[in-house]
Every structure is written in C-alpha cells, then in structure tokens.
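Worksheet for the structure shown next.
The values are calculated or read from the model by the stated rules, or taken from the named source; none is laboratory data. Predicted model only: the values in this text are computed from it and were never measured. Ideal geometry is used to build each Cβ from the backbone, glycine not excepted, and the neighbour counts take in all protein chains shown.
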Amino acid sequence: MKCYVLPFLLLAGFSATAQRLLPLEEAIATALENNYDIRLSKNDSQVAWLNNSYRNAALYPTLNANTGITFNNNDQLQKFSDGTTRERKGVKSSSLVASVSLNWTLFDGMKMFATRDKAAEFVKLGELGIKNQVVNTVADVINTYYNIARLKQQVKAIDEQISINEERVKLAEYKLDIGVGTKPDVLQSKVDLNAQKALKLEQMNAIDQQKEILNQLMYGTVANGKNNPSVFYEVSDSIPINTGLSLGEVQEGLESTNPLLLLAKKNMDIARLTLKERRAERFPTVAFNSNYNFSKSDNKAVVNPFQPLFSRNTGFNYGFTASIPIFNRFNVQRQIRQAQLDISYQQLLYDNQKSLISLNVINAYKDYEQQKKALALEEENIKLARENVNIVLQVYKLNSTTLIQLKEAQLSLQQAYNRLIAARYNARLAETELMRLKGELVK
C-alpha cells in the first residue's frame, strides 16, 4: 500500500508546483494576440485596407486589347449582265483584326473623388471596429479573471466554515462522551460539515469552468496548440478596486473616446460620401477615347478582279465623348433621396447610441458608488460576524449556549462573507464597465 501512496503524493506535489500565477496583464496580452473575435475584426479591416490601397485606381484610365482571327472557306458564283458567269469553289480566305482601346474618364461630377475618399473612410471604420472588439474582449478577460478570484475568495470563506464545523463536530462528540451532549448535535454538526465540503466542491468546479472560459478568451481553440489541458495556472485571489473614479472624469470627452460613438460618427461620414456619389450622377460624364487598330485579310482567290487578294490597314484615332443624363426614370433622384434618408438614419443611430451610453455611464457609476459603500460596510461587518462566531463558539465549549445559536452565528458569518465578496466583485465590474464605456481599457 505504501509503495503506491508515495509516488502519488510526489505526483500531486509536482502538479501543484507546476501551477504558476497568471497575472491579469499576461491574460490580456494573450487574448489580444489569439482571440478569434479580434482576429476576425482585423481580417475585416484588412479587406478595407486592401480596397483603400487601390483607391486612386478610380482616377486611372482603362486600357483594353482586343484581337480576333477568322478563317473562311466559301463557294462563290457570280452572274453578270452580259451573260458571263464566274464561279469558284473552295475559296479560302482569312482575316485578322486587333485593336488597343483607351478610355479615360476626365469628369464625372467628382464621383471618382468621393469614391476614393469613401475607401479611406472604410479603413478608419475597420480600425474603429478593431478597437471596439479589443475593448470588449479586454473587459471580458478582466471580468472572467476576477470572477475566478471571487470564487477563490468564496472557497477561502468555505474553508473557514469547514474549520468551524470540524471544531463543532469535535466539541459535540466530546460533550456526548462526557454525558453533557446529545447525539442529534453530533449528527447535525457532521451534516453541516459535509454540506460545506459539498459546497466547496461546487465552487472548485465553478472555478474550473471559469478557467475554461478564460482559456477560450485567451487562446480561442486548441488549434493553435496553446490551449492544452496540461497547462496549469492560478489567478490572483485579490480583487483590486480603483475607488477614485469620478462621474465627470468618465463623461469628459466621451464622444471622442467611446468606440461605438466613433463607429456611428464614421458611418455618418460614409453616408455623406455616398450622397456625393449619387449627386454626381446628375452631371455629364466626359471621357477621352483612343484606339489603335490593325486589320489584315488574305484571300487565296477572288471572283471579282477588283477585289484585292491581300489587304492590311493600320492606324489610330482619338476623341472625346460626353454622356449627358437627360431622363433615367427618376433613378438618380430616388437614389439621392435614399442617400439623404440614410444620413438621417445614421444620425438617429448616433443620437440613440449617445443617449444609451450616457445612461449606461450614469447607471454604472451609481452602481460603482453603491458597491463601494457596501464594501466599506461589509468590511466592517465581517469583523463583527467573525468575532460573534468566536464568542458563541467559546460559549458553546462551556455548554452555555445551544447548537442552534452557533449555527445562526455561522450563518451570519457566511452571509457576511457572501455580501463582502459580492461587493468587491460588483465594484470591480462597475469600474471595468465605466472604463469600457469610456473606451480607455486599451490605450
């Protein structure tokens, strides 16, 4: 038996030492590198960047080359007015044509410039989309990280309850042995002890589940080889809180820092450029055209003596064309109206988003202030609850109080711990939400 226990203890000790402390900063950095939502946002932005890299192409001419060759095999019969007849069978001929054409739009109501500027705005929109996703991902990492810390604090509180319950079991058994206790007190103490142990198992399972969520945020999937079950880590069990935030500090410059508001503004800019494109379609389109042509025909035989056996033509031409819109079934007018409505729609979205964010900031700050007050109160209350349990436990040892009173004191301590830990975590959540709304989780 002993030869199996020793290797097991050594393995358990090695596993425990293999777990390292994962700082929050490292968790955030890992998520910024591997998180799939961020990578997808970057991919969308790269598409916009690629389109923008060709934005000046709207100002360039188009140049096309065309060529074709035709082979003929004909039977020819000709009858003339003087009664003569000429006939040829299997007359073979070939013709080759080639041309290079250039078309350069010189003026289209400035539409090409609006299209070029629009491509640049889509790049900025993509960058803002990445920032918004980064801010949201960082907030998720912070909240999950400190949720694990919250659960670890709950485990510590449960360990304290287990220690008290173990002492209760010993006292109840001792009292029963010396004849001053009762069997139900012993049984109830053991039931309460097992209940706390079961609660601890639930908390440990919840910690493992939250670690899986944190792994997913940091690594995405196991495809990159980093999210491996053999990788062990621990997070800090403390929840630091910045108690110096002010509402004015968060609200100041919110329109220029909140990613969602910046995205809404950029969508309005793009909608205005779309309106410029639509209005440009009312103007004439002036283009420069040029062609270089080459043609060659080769006849093996001809019936008409004036028809050449071989001919070749080369040359070029150039000129200008103007396309003047006169009536197109009101399509341009309809598209202009649609673009104007889209601008109004984007403005409404912006105003609505601004109103919602302002409301969220106020509510988050109120929650932040309330949780700070609750935290200060519960930090004082936990000392009272802990002292109360110690007093009742000592009195219980002297057989001057009942088990029910001790259980009530323990329950008060457990509830005080729950409120204290919840106040810490909720205050941190409110702080993170304020910084997320501000857009300053990531500089």
**Request:** Might you let me know whether region 431-442 holds any residue that is farther than 30 Å from Ala264 by Cβ, assigned to a helix (DSSP H, G or I) and touching a residue at least 60 places away in the same chain (Cβ under 8 Å)?
**Result:** no
**Request:** Considering each of Ile362, Ile357, Ile343 in turn, give the residue that is under 30 Å from Thr432 (Cα atoms) and surrounded by 15 or more Cβ atoms within 10 Å (Cβ to Cβ).
**Result:** Ile357
**Request:** Give region 307-351 a look and list any residue that's without any contact (Cβ under 8 Å) to a residue 24 or more places away in the chain, outside any helix (DSSP H, G or I) and closer than 22 Å to Arg278 by Cα, or say none.
**Result:** Ile326, Phe327, Asn328, Arg329, Phe330
**Asked** From the list Ala65, Ala57, Ala29, which residue is of a type outside the set (Ser, Thr, Tyr) and surrounded by fewer than 11 Cβ atoms within 10 Å (Cβ to Cβ)?
**Response** Ala65
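Could you please let me know if Glu252 is on the phi < 0 side of the Ramachandran plot and at pLDDT 90 or above?
Details: on the phi < 0 side of the Ramachandran plot: yes; at pLDDT 90 or above: yes.
When the stated conditions are applied, Glu252 passes them.
Tell me whether region 269-283 contains one or more residues that are assigned to a loop (DSSP other than H, G, I, E, B), within 25 Å of the chain's Cα centre (by Cα) and modelled with pLDDT of 90 or more.
From region 269-283, those assigned to a loop (DSSP other than H, G, I, E, B) are 281-283; that's our starting set.
Then keep just the ones that are within 25 Å of the chain's Cα centre (by Cα); that gives none.
The answer is no, given that none of the residues of region 269-283 is assigned to a loop (DSSP other than H, G, I, E, B), within 25 Å of the chain's Cα centre (by Cα) and modelled with pLDDT of 90 or more.
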**Item:** Residue in region 27-44 that is under 30 Å from Glu212 (Cβ atoms), among the polar types (S, T, N, Q) and without any contact (Cβ under 8 Å) to a residue 60 or more places away in the chain present
**Value:** yes
**Complete:** How many residues of region 284-315 are loosely packed, with under 15 Cβ neighbours inside 10 Å and at pLDDT 90 or above? The answer is 3
**Complete:** Filtering region 381-417 down to residues that are in a loop (DSSP other than H, G, I, E, B) and touching a residue at least 24 places away in the same chain (Cβ under 8 Å) yields Asn399
